[in-house]
Amino acid sequence: MKITALFSICLLGACLSCATQKKESQDDGWVKLFNGKDLNNWDVKIKGHPLNENFGNTFRVEDGNLKVSYDKYKNFDEQYGHLFNKQKFSAYLLVMEYRFTGEQATGGPGWAFRNSGAMLHSQPAATMGLDQDFPISLEEQLLGGNGQDPRSTANLCTPGTNVVLQDTLFTPHCIDSSSKTYHGDQWVRVEALVLGDSIIKHIVEGDTVLVYKKPQIGGGNVSNYDPAVKKDGQPLKEGYIALQSESHPVEFRKVELFNLEKYMDDPQKLKKVLQDLQKQKAH
């Protein structure tokens, strides 16, 4: 499908956050990535630790929420971690509800205060190097405010990737969204509309806050990766979704998506599905 056609479809409306009404069955297109019970369908990769060594019980499920915690760390020591869902996707609407809690881990960098993220189109967990800090991916950066200063959320950061922003290849590491600031421990609803290697939108509480296109491998801001994985210039058409641990406690009560893959070859059906999602009520 051409970029222009997909772009016009994506501009059907800013509000997709009402698109989370879902049946118990998964036959309606919804996939519940986090089941509220366990992490059986997830892989853990923490810098300096082998695959699926959940150091310090960083990623855990408590009280029905997925929590990222550091109470068993003596010092954060740049042990950046990622929790990878085991299923690969190419086109979807991702819906998350998150909040920051407590105090940052000892030794966490200043920029990581109330900082987490959802990695989109990520490389597989098993292909990350032992000491690799971040997966090659597109990060929908999740931030919380400090109680005073403006600090947007659903920004874009690009570890090992580039995107096209306003028809220009964007090579810096991060760009801020137009979202408002969310201070304190309040729950925030964030979404990502991802359509293969064409259009991607970041959405916060119903407002589209960032749009970019043509995601591709390239650029820097990722270390100790396997060069065979980082094929600069290769379009990012699909990948995995991962949640970050960057030294500040965060929890998620919802991580789910609506799979759009079967509609990608039919612009009219895709348009209709997106319209229907807009009409549905939040649950």
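The values are calculated or read from the model by the stated rules, or taken from the named source; none is laboratory data. In this text the structure is predicted, and so the values were computed from the model without any measurement. Cβ: placed from backbone, ideal geometry, glycine included. Neighbour counts: every protein chain shown.
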**Fill in**
Turns out the strands (runs of 3 or more DSSP E) fully within the stretch 103-208 with at least 3 residues that are within 26 Å of E256 (Cβ to Cβ) are 115-122, 138-143, 155-157, 188-195, 199-204
**Asked** Out of all the residues in the stretch 212-223, is one or more more than 25 Å from E256 (Cα to Cα), crowded, with 19+ Cβ neighbours inside 10 Å, in contact (Cβ under 8 Å) with a residue 12 or more places away in the chain and of a type in the set (G, A, S)?
**Response** yes
**Asked** In the stretch 222-244, how many are of a type in the set (S, T, N, Q), in a loop (DSSP other than H, G, I, E, B) and touching an Asp or Glu at 6+ places or on another chain (Cβ under 9 Å)?
**Response** 2
**Item:** Which numbered condition K214 misses (of (1) closer than 19 Å to F100 by Cα; (2) touching an Asp or Glu at 6+ places or on another chain (Cβ under 7 Å))
**Value:** (1)
**Request:** Looking only at the stretch 159-173, decide whether some residue is among the acidic types (D, E) and touching a Phe, Trp or Tyr at 6+ places or on another chain (Cβ under 9 Å).
**Result:** no
**Asked** Within the stretch 61-80, which residues are outside any loop (DSSP other than H, G, I, E, B) and more than 18 Å from the chain's Cα centre (by Cα)?
**Response** V61, E62
**Asked** Can you find a residue in the stretch 41-63 that is of a type in the set (G, A, S) and buried (at least 21 other Cβ atoms within 10 Å of the Cβ)?
**Response** no
**Message:** Here is a check on your reading of the model: is V211 among the aliphatic types (A, V, I, L, M) and in a strand (DSSP E or B)?
**Reply:** yes
**Prompt:** Given the residues L120, L93, which is the only one that is under 30 Å from P267 (Cα atoms), in contact with a helix residue (DSSP H, G or I) (Cβ under 7 Å, 6 or more places away or on another chain) and surrounded by 22 or more Cβ atoms within 10 Å (Cβ to Cβ)?
**Reply:** L93
**Message:** For the stretch 61-70, check the following and say yes or no: at least one residue is acidic (D, E) and either farther than 26 Å from H202 by Cα or modelled with pLDDT of 95 or more (or both).
**Reply:** yes
**Fill in**
Per the list (1) among the polar types (S, T, N, Q); (2) crowded, with 16+ Cβ neighbours inside 10 Å; (3) modelled with pLDDT under 95, residue check on T171 breaks on (2)
**Asked** Which number in (1) part of a helix (DSSP H, G or I); (2) farther than 30 Å from G147 by Cα marks the one condition that L51 misses?
**Response** (1)
**Prompt:** Can you tell which of S178, S223, S198 is under 16 Å from E139 (Cβ atoms) and among the polar types (S, T, N, Q)?
**Reply:** S223
**Request:** Test each condition in (1) at pLDDT 95 or above; (2) of a type outside the set (S, T, Y); (3) more than 21 Å from the chain's Cα centre (by Cα) for E261 and report the one that comes out false.
**Result:** (3)
**Prompt:** On the given criteria, is Q104 in contact (Cβ under 8 Å) with a residue 60 or more places away in the chain, of a type outside the set (F, W, Y) and more than 29 Å from I217 (Cα to Cα)?
**Reply:** yes
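Rundown of residues vs (1) over 25 Å from G102 (Cβ atoms); (2) touching a residue at least 40 places away in the same chain (Cβ under 8 Å), yes/no style:
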position	(1), (2)
L195	yes, yes
E205	no, yes
K272	yes, no
Q278	yes, yes
**Request:** Scan the stretch 101-113 and give yes if some residue there is aromatic (F, W, Y), surrounded by 14 or more Cβ atoms within 10 Å (Cβ to Cβ) and either touching a Gly at 6+ places or on another chain (Cβ under 7 Å) or modelled with pLDDT under 95 (or both), otherwise no.
**Result:** no
**Complete:** Scanning the stretch 144-160 residue by residue, the ones that are surrounded by fewer than 24 Cβ atoms within 10 Å (Cβ to Cβ) and farther than 26 Å from P50 by Cα total 9
**Prompt:** When you scan the stretch 81-102, how many residues do you find that are part of a loop (DSSP other than H, G, I, E, B) and not charged (D, E, K, R)?
**Reply:** 4
